[in-house]
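Below: one structure, written as structure tokens.
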Protein chains: 2
Amino acid sequence: MRDWDDHRLILTLHRCGTLRATGDALDVTHTTVARRLAALEAREPTPVFIRQDRAYRATDYGLERVALAERMEEIDLAAMRVQRSSNNGLAGPLSLSVPQAVFQFLLLKDIGAFAGAHPDIDLTVVGTDRLADLDRGEADVVIRGHANPPEHLVGREICKVGVRNYAHREYLDRTTPDARKWISASDNAVWIKDTPYPHQPVGLVIHDIQSRFLALAAGQGLSRAACFMADPHPDLEPLDDTPPTPLYGLWVLTHPDLRASPKVKALMKAMGDALARQRSMIEG
Amino acid sequence: MRDWDDHRLILTLHRCGTLRATGDALDVTHTTVARRLAALEAREPTPVFIRQDRAYRATDYGLERVALAERMEEIDLAAMRVQRSSNNGLAGPLSLSVPQAVFQFLLLKDIGAFAGAHPDIDLTVVGTDRLADLDRGEADVVIRGHANPPEHLVGREICKVGVRNYAHREYLDRTTPDARKWISASDNAVWIKDTPYPHQPVGLVIHDIQSRFLALAAGQGLSRAACFMADPHPDLEPLDDTPPTPLYGLWVLTHPDLRASPKVKALMKAMGDALARQRSMIEG
DNA sequence: TTTTTTTGTAACGTTTACGCACCAGCGGGG
DNA sequence: CCCCGCTGGTGCGTAAACGTTACAAAAAAA
């Protein structure tokens, strides 16, 4: 019988392309990868990989194996989730993925309080924005602003995130209305037409929400921003009095496999309650 | 990232129950299994197995892992089949599962001829009767007498196997009709009522078809037997002149994953043709 | 062009995982 | 009853797998 880890080697080498990158992914050195690959190929009746353009490419046969290995990986990830949820006490590792902005403006104290209330839980906060974290086991709970979260995840929507248009007080003082420019996440910001400055151009494109808010707070231009970020700022003021726009929902999510875990439940409740308490601020 | 071979250890230990049996299954010693298990349990937040009644029993959590490992095994077996079918030349290992009786009476020469015609193919003939061989990769091609072969297998039915009722000439000479007894595969042989001796009892039960035929040929009683086995025998004669009964089909089968392999195709064709050539003898 | 980085390969020394032999404890069968 | 077979556990020597280091070739950068 063959070693099931062979499948992982095939999958990882296919994804990484080189021995060194594969070694990094598998936490071994590239020489080890080379040896394992040589042993694997010796067991196979047909080459699995060929070197082409300074990279390992899977042969047609290798691609079949990769496809099967991908299915295997899904099961391995499922096993990892089962493993995570199996620790039915309030102890052990637990990870929360939350956007930087939410962490900074809404949950800083509450996360600290949770960690203090559960000293046996090793809480890790990761600041990534990718929603795929959950499937790959990189996080147990994620908090995201999203219109329609993937349906295979479970959780609850706390409220809508309200956004308004802001500018720094000094920016408004030192510029004329015709000279003002927008800071936006993309070039084609269609929502600008519904603002007090519908014809002003986008002067600065910043994809990262955190950096964009910093630019706004530094008086670099007009910008749409989440109320919970901008309202506490003493020098930022809304451009008009229209009520905040509920742009997307704020979700606390986990994977179905993890839902039964007491740790996960406790964290979801704590975070959900903390956000619900600040509902008026989030909605604007 | 965890070693995917852990899943195999969990699955095998669950099936075997003891360290030694697991070691035999994995082709390692029981000490190695103990070490791997200790390392695995150390990585798990919750026990996977508990010792109970001198055997390793999976915990509830362990059973979840076993279920996932079973799904993994299916994929691993699929990969094995892909591997087998990938060798697209007429070379390498090839295994044929065929009942002893068919091997001896019908295919002995033809299998030898096939092996001689394809010197680069390492042909292995296994004499098991289990049909599950194909799924577990224990054989590439199976030849079986079966009424309805599993539908997930592919292949063709050569013809029906004809059976008649026979006895050794000397047995008939030295016994009176009332003293004759049947040799059967089971106690409740309902087909006896349609024979020239419908009221004679079953005197000997032999499950194994090969041994049963030997008993018949040794003059131990009356018995139903396949025509292709009994007709060539000089001293066996039918009990009546009724035509042979087509009892079940004779199938040459393989797994869909292997069908594309030239080796498998060649072997299936050779065996199918060889059996078709002897169709009149098989049907009786 | 030269230089730098990144690639895979080869040799060497160490660690780790392995098989082997042996042990005691428990059960079933004679 | 005793004995035999099977269980898992322990110590030891070996062999396989590993990381480190060094090296040559090819692509990328200067």
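The values are calculated or read from the model by the stated rules, or taken from the named source; none is laboratory data. No experiment lies behind these values; they were computed from the predicted model shown. Every residue, glycine as well, gets a Cβ built from its backbone with ideal geometry; the counts of neighbours run over all protein chains shown. Areas reflect the complete protein model, heavy atoms only, side chains present, ligands, DNA and RNA absent. Shrake-Rupley method; radii C 1.70, N 1.55, O 1.52, S 1.80 Å.
Laid out as a table, the results:
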{"read-out": "Residue match in the range B:166-185 (condition: open to solvent by less than 40 Å² (accessible area, probe 1.4 Å), touching a strand residue (DSSP E or B) at 6+ places or on another chain (Cβ under 8 Å), basic (Lys, Arg) and farther than 21 Å from B:Pro232 by Cα)", "value": "yes"}
{"read-out": "Filter result for B:Ser280 (within 26 Å of B:Val125 (Cβ to Cβ) and either among the charged types (D, E, K, R) or open to solvent by 10 Å² or more (accessible area, probe 1.4 Å) (or both))", "value": "yes"}
{"read-out": "Per-region count, the range A:65-79, residues facing another protein chain (nearest Cβ under 7 Å) and open to solvent by 10 Å² or more (accessible area, probe 1.4 Å)", "value": "3"}
{"read-out": "Enumeration of residues in the range B:48-57 that are in contact with a strand residue (DSSP E or B) (Cβ under 6 Å, 6 or more places away or on another chain) and more than 10 Å from DNA strand D (Cβ to nearest atom)", "value": "B:Ile50, B:Arg57"}
{"read-out": "Qualifying residue in the range B:160-173 (condition: in a strand (DSSP E or B), basic (Lys, Arg) and at pLDDT 90 or above)", "value": "yes"}
{"read-out": "Within the range B:16-35, considering residues that are more than 11 Å from DNA strand D (Cβ to nearest atom) and in a helix (DSSP H, G or I), the one least open to solvent (accessible area, probe 1.4 Å)", "value": "B:Leu26"}
{"read-out": "Residues within the range A:201-244 that are of a type in the set (Gly, Ala, Ser), farther than 20 Å from A:Asp173 by Cα and surrounded by 14 or more Cβ atoms within 10 Å (Cβ to Cβ), tallied", "value": "1"}
{"read-out": "Candidates A:Gly112, A:Gly137, A:Gly116, A:Gly62 - the one that is assigned by TED's automatic domain parsing to the domain that holds A:Pro256, surrounded by 14 or more Cβ atoms within 10 Å (Cβ to Cβ) and not polar (S, T, N, Q)", "value": "A:Gly137"}
{"read-out": "Selected residue (only one of B:Val125, B:Val102, B:Val82 is part of a helix (DSSP H, G or I) and more than 9 Å from chain A (Cβ to nearest Cβ))", "value": "B:Val102"}
{"read-out": "Residue, least open to solvent (accessible area, probe 1.4 Å), within the range B:36-47, restricted to residues that are within 12 Å of DNA strand D (Cβ to nearest atom) and within 14 Å of chain A (Cβ to nearest Cβ)", "value": "B:Glu41"}
{"read-out": "Out of B:Ile50, B:Ile10, sole residue that is open to solvent by 20 Å² or more (accessible area, probe 1.4 Å), of a type in the set (A, V, I, L, M, F, W, C) and modelled with pLDDT of 90 or more", "value": "B:Ile50"}
{"read-out": "Residue match in the range A:140-149 (condition: free of Cβ contacts under 8 Å to residues at least 60 places away in the same chain, closer than 30 Å to A:Pro243 by Cβ and either of a type outside the set (A, V, I, L, M, F, W, C) or not in a helix (DSSP H, G or I) (or both))", "value": "yes"}
{"read-out": "Residue in the range A:1-15 that is within 11 Å of DNA strand D (Cβ to nearest atom), more than 9 Å from chain B (Cβ to nearest Cβ) and in contact with a Cys (Cβ under 9 Å, 6 or more places away or on another chain) present", "value": "no"}
